[in-house]
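Reading through the structure tokens given below for one structure.
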Amino acid sequence: MSRVMRMPILIAALALAAPVQAQFRLPSLDVNRLVDSVKNAGKATREIDEAEEIAMGRDVAARLLGAAPLASDARTQRYVNNVGRWLASQTERPDLPWQFGVLEAPQLNAFAVPGGTIFITRGLLEKMASEAELAGVLAHEIVHVLKKHHLKAIQKGALASLGGDVAALALKNARSDARDKLVSFGAEMYARGLDKGDELEADRLGVVIAARAGYDAYGLPSVLQKLQAMNADDSGVALMFKTHPAPAERLDMLGEKMQPTLDAYAGQAQLAERFIAETKSVK
Ligand SMILES: [Zn+2]
């Protein structure tokens, strides 16, 4: 009721302001445009629908791929994609267009893009020794998509920096300057990182997804231990360390919240030999 009432009052206020504006030679106000942007600010804070999530994610993925191309080994790409899709099929959003790729980059990192595109770098793959470790990392990224962590951060940031009307336009119109800004903003987020709470949630729920898919639940902790042993000054881990809580903190949090799950599913598959056979040509 109050929302319906507010609009006529706003228009009335602007109409009353017109004579004053003429008197003081203020820059002319475009009443229609102002009313439009008020309406659109409401639209931009609504839930982004799945089609918009997927379309925007594809644009952001393309921008990220411009920075680092996919590794050329087709067997490894197929393998990582299969492991990722198997994990995603165990989740509450099995029907997203999930795709998983290995980026040709020596740094250690992994990224989740809204809508179900997930990348892992060749550098991080090289640090792994089993499919359970790969599954642990991919499951962490899958949670970012399930919980729309990046999507919400992009939406929040776009509203703050671009304004409601531009953000709404950017979502609706793939070929627009506004969309370009939104996608740039989305790509920059991968250099800034998410909130710590989102990262720790991805660790906790990622462990559950990996366990549900039949893997040794210690896959992710095992990778975190390897990262913890690396020098933070190493340029290969600089971005990951900057954008994530420290590995020691992540391990502590998993121990505190997830110990029963970790122990209950510690005996499940690791699949070290399969991992080595399927990834040897990119290493
Ligand atoms: Zn993460």
Taking Cα pairs under 8 Å and at least six residues apart, what relative contact order does the stretch 107-148 come out at, in percent?
44
Listed peptides 258-264, 161-167 by packing density, highest first (mean Cβ within 10 Å)
161-167, 258-264
Using the per-residue mean of other Cβ atoms lying within 10 Å as a proxy for protection, in what order, highest first, do the peptides 150-157, 249-256, 127-134 fall?
127-134, 150-157, 249-256
With labels modelled as points extended 7 Å from the Cα through the Cβ direction, what inter-label distance (nm, one decimal) is found for Ile276 paired with Asp177?
5.7
Residues of the stretch 113-188: accessible area per residue with a 1.4 Å probe, Å²:
33
Simple spin-label estimate for Ala129/Ala62, 7 Å along Cα→Cβ, in nm, reads 4.2
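Mind running the shape call on the stretch 196-283? Use the C-alpha gyration tensor, a ≥ b ≥ c as the square roots of the eigenvalues: rounded below 1.5 for a/c, prolate if a/b tops b/c, oblate otherwise.
oblate
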Just list whichever of Lys196/Lys280; Lys147/Lys196; Lys156/Lys196; Lys127/Lys181; Lys196/Lys226; Lys127/Lys152 have alpha carbons separated by over 26 Å in the model shown.
Lys196/Lys280; Lys127/Lys181; Lys127/Lys152
So Thr261 and Ala160, fully extended at 0.36 nm per residue minus their Cα-Cα distance, gain in nm 32.4 nm
Would you mind working out the magnitude of the charge dipole of the stretch 188-283 relative to its Cα centre, with +1 at each Lys and Arg C-beta and -1 at each Asp and Glu C-beta, to the nearest 20 Debye?
280
What's the magnitude of the charge dipole for the stretch 110-190 around its Cα centre, counting Lys and Arg as +1 and Asp and Glu as -1 at the beta-carbon? Answer in Debye, nearest 20.
280
Calculate the spin-label point distance for Lys226 paired with Glu92, positioning each point 7 Å from the Cα along the beta-carbon direction, and give it in nanometres.
3.1
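The values are calculated or read from the model by the stated rules, or taken from the named source; none is laboratory data. The model shown is predicted, which means the values in this text are computed figures rather than measured ones. Glycine also receives a Cβ, built like all others from the backbone with ideal geometry; neighbour counts cover every protein chain displayed. What goes into the accessible areas is simple: the full protein's heavy atoms, side chains included, and nothing from ligands, DNA or RNA. Shrake-Rupley method; radii C 1.70, N 1.55, O 1.52, S 1.80 Å.
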